[in-house]
Amino acid sequence: GAVVSQHPSWVICKSGTSVKIECRSLDFQATTMFWYRQFPKQSLMLMATSNEGSKATYEQGVEKDKFLINHASLTLSTLTVTSAHPEDSSFYICSASRSVRSYEQYFGPGTRLTVT
Amino acid sequence: AQSVTQPDIHITVSEGASLELRCNYSYGATPYLFWYVQSPGQGLQLLLKYFSGDTLVQGIKGFEAEFKRSQSSFNLRKPSVHWSDAAEYFCAVYYGGSQGNLIFGKGTKLSVKP
């Protein structure tokens, strides 16, 4: 149990366009979902935390208007990169927690975004 | 500030040899401790975790880790490495509280020589 999926697994978009990444908990209800960004050969950087039905909490330095997060249901969270630029190219990983205890996170397989 | 340090960026071991990956966390109350593995282009898989109790914890794929409070360490070990263990390994800590989040180390890349 505790499987998290992401879609798409990779995406290429043109500069200036927007792209949406979905994160789904397949076999459990996710009270909290997290979005991370991982640069090549780097660790995971937490971008934001979202609870179902609430506004996401963004980490310092993360642009809220560029990275729109919606946690519409207990099984789905979306990250929309708006007006993407090449510097937004990265590996985005989501995770989900079935409780308010955010240390119990289950990670998705990640989405590789390339902005040309 | 809370932090976690993985001193080794890249380690190469021969197949069949033993492995130890180091992880240290900043001083303070004992956090919850985790080791994750990431294969290229993949998400993170939990290897093992420590919350309390026995300081030697067993995980999946033959891995184990030992919590040492005096050294603020949580090193990952495996007695005999397989070629399929080649991957990136991340240590993570959770300190809890109102701002509690998982904090990841920078990772250690493991290469396995045949």
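With all projection directions averaged, the alpha carbon convex hull of chain A covers 6.6 nm².
Using the Cβ-Cβ distance between B:T5 and B:W83 with R0 = 22 Å, the FRET efficiency computed as 1/(1 + (r/R0)^6) comes to roughly 0.20. Dividing the convex hull volume of the alpha carbon atoms of the protein assembly as shown by its residue count gives 125 Å³ per residue.
Taken residue by residue and averaged, Cβ atoms of other chains lying within 10 Å of the Cβ of B:38-48 number 5. Interface burial in the stretch A:77-113 reaches 50 Å² or more for A:Y103, A:F107, comparing the full protein assembly with the chain by itself; accessible area from heavy atoms with a 1.4 Å probe.
Taking 0.36 nm per residue of separation and subtracting the Cα-Cα distance, full extension of the segment from B:T30 to B:K113 would add 26.3 nm.
Remark: the stretch A:1-89 carries 53 Å² of accessible area per residue (probe radius 1.4 Å; ligands, DNA and RNA excluded). Using a simple spin-label model with pseudo-atoms 7 Å out from Cα toward Cβ, A:T82 and A:S9 lie 3.1 nm apart.
Each residue of the stretch A:7-12 was assigned a 3J(HN,Hα) from its phi angle through the Karplus expression (A = 6.51, B = -1.76, C = 1.60, θ = phi - 60°), giving 9, x, 7, 8, 8, 10 Hz with x at Gly and Pro.
Restriction of the chymotrypsin sites (Phe, Trp or Tyr not before Pro) in the stretch B:26-74 to DSSP coil positions whose beta-carbon has at most 16 other beta-carbons within 10 angstrom yields B:Y27, B:F51. Taking the chain by itself as reference, the stretch A:1-50 contains these residues with an accessible-area loss of 40 Å² or more in the full protein complex (1.4 Å probe, heavy atoms): A:S43, A:L44. Taking only alpha carbon atoms, chain B gives an Rg to Rh ratio of 0.96, where Rh is the Kirkwood radius.
Remark: chain A carries a charge dipole of roughly 100 debye about the Cα centre, counting +1 on each Lys and Arg Cβ and -1 on each Asp and Glu Cβ. Average accessible surface for chain B: 50 Å² per residue, computed with a 1.4 Å probe over protein heavy atoms with every protein chain in place. Interface between chains A and B: roughly 1400 Å² of accessible area buried, both sides summed (probe 1.4 Å, protein heavy atoms only).
The values are calculated or read from the model by the stated rules, or taken from the named source; none is laboratory data. The model shown is predicted, which means the values in this text are computed figures rather than measured ones. Neighbour counts are summed over all protein chains in view; Cβ atoms, including those assigned to glycine, are modelled from backbone coordinates with ideal geometry. Side chains included, ligands, DNA and RNA excluded: accessible areas come from the protein's heavy atoms. Shrake-Rupley method; radii C 1.70, N 1.55, O 1.52, S 1.80 Å.
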